[in-house]
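Beneath this line is the structure, given in structure tokens, with notes to follow.
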Amino acid sequence: MSIHIASIDDVDKIITLGNKSYKQHFSDIWSIKGIEEFLSVNFNKIEIENTIRNKKTTYILDKNNDNEYIGFAKINWHVNIPNTTLYGAELQKLYFLKGFTGIGHGEQMMINCVETAIKNKESVLWLDVLKSNIGAKKFYEKNGFTLCGEVDFRTDIKDIGLFVMMRNIIS
């Protein structure tokens, strides 16, 4: 396993991993047209390049022992936690390809995300997770996150909602 901070040279890898992993895990909550529109906005090459250049976002990539890219994290810096006055590092995405969840890659990536947030002088790491994604919620709880709120989320075919979770990373 090899984890590293992504650079501009890694943008195509992020787009490929994002599209593939999102479809593998979340295609059941969108129509075909809806998921394509969502992905075209969330994995837009120019937008990803700009966020890396302006340092408002950090992407972290994970490779397996066969040197294949299998997952990534996206952290946005100093973002307001919904429905609070608090700010922290938003773990916006933590995606792995099917077959690479539940075998330790997420835990290692989470350690790296926390270390990266601390280096960026953040005191809180927060995220939102689909209310329907019970496995992910349990993973985050196991990694020290607690529920701190809820926000609305709707795809083009479903009202799902999100749990907002946070973890203090500097005491």
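Count Lys and Arg as plus one, Asp and Glu as minus one, and take only other residues whose Cβ is under 14 Å from that of Ile81; the net charge is then -3.
For each pair in Lys56/Lys98; Lys23/Lys55; Lys13/Lys45; Lys33/Lys158; Lys13/Lys158; Lys63/Lys137, compute the distance between the two Cα atoms and list the pairs where it is over 20 Å. Provide the component values of the computation, followed by the final result.
Numbers: Lys56/Lys98 28 Å; Lys23/Lys55 27 Å; Lys13/Lys45 10 Å; Lys33/Lys158 14 Å; Lys13/Lys158 29 Å; Lys63/Lys137 24 Å.
In this structure, Lys56/Lys98; Lys23/Lys55; Lys13/Lys158; Lys63/Lys137 lie more than 20 Å apart at Cα.
With q set to 0.14, 0.15, 0.16 Å⁻¹, the log10 of I(q)/I(0) for the chain, from the Debye formula over equal scatterers at the Cα positions, is -0.74, -0.87, -1.00.
How would segment 19-77 be classified by its alpha-carbon gyration tensor: rounded, prolate or oblate, with rounded meaning a/c under 1.5 and the a/b versus b/c comparison settling the rest?
On the way: a/c = 2.42, a/b = 1.18, b/c = 2.05.
It comes out oblate by the Cα gyration axes.
A straight Cα-to-Cα reach below 20 Å connects Lys20 with the aspartates and glutamates Asp9, Asp10, Asp12, Asp28, Glu36, Glu37, Glu47, Glu49, Asp62, Asp66, Glu68, Asp156, residues fewer than 8 places away in its own chain not being considered. Taking the Cα of Gln108, stepping 7 Å toward and past its beta carbon, and measuring to each backbone N in segment 1-28: which are under 20 Å? Inside the label zone: 1-7, 10, 13-14, 17-18, 21. Along the chain, the longest continuous region that contains none of the trypsin sites (Lys or Arg not before Pro) in a DSSP loop with at most 13 other C-beta atoms within 10 Å is 1-54. If you plug the beta carbon distance of Ile32 and Lys63 into 1/(1 + (r/R0)^6) with R0 = 25 Å, you get a FRET efficiency near 0.25.
Averaged per residue, what accessible surface does the chain expose to a 1.4 Å probe, in Å²? All intermediate terms of the calculation are to be shown ahead of the outcome.
Numbers: 9090 Å² over 171 residues.
Ligands and nucleic acids excluded, the result is 53 Å² per residue.
Could you look at the chain and say what percent of its accessible area is carbon and sulfur, using a 1.4 Å probe and all protein chains?
Working: 4570 of 9090 Å².
Ligands and nucleic acids excluded, carbon and sulfur reach 50 percent.
The values are calculated or read from the model by the stated rules, or taken from the named source; none is laboratory data. Predicted, not measured: the structure shown is a model, and the values here were computed from it. Ideal geometry is used to build each Cβ from the backbone, glycine not excepted, and the neighbour counts take in all protein chains shown. The area values use the complete protein model at the heavy-atom level, side chains included, leaving out ligands, DNA and RNA. Shrake-Rupley method; radii C 1.70, N 1.55, O 1.52, S 1.80 Å.
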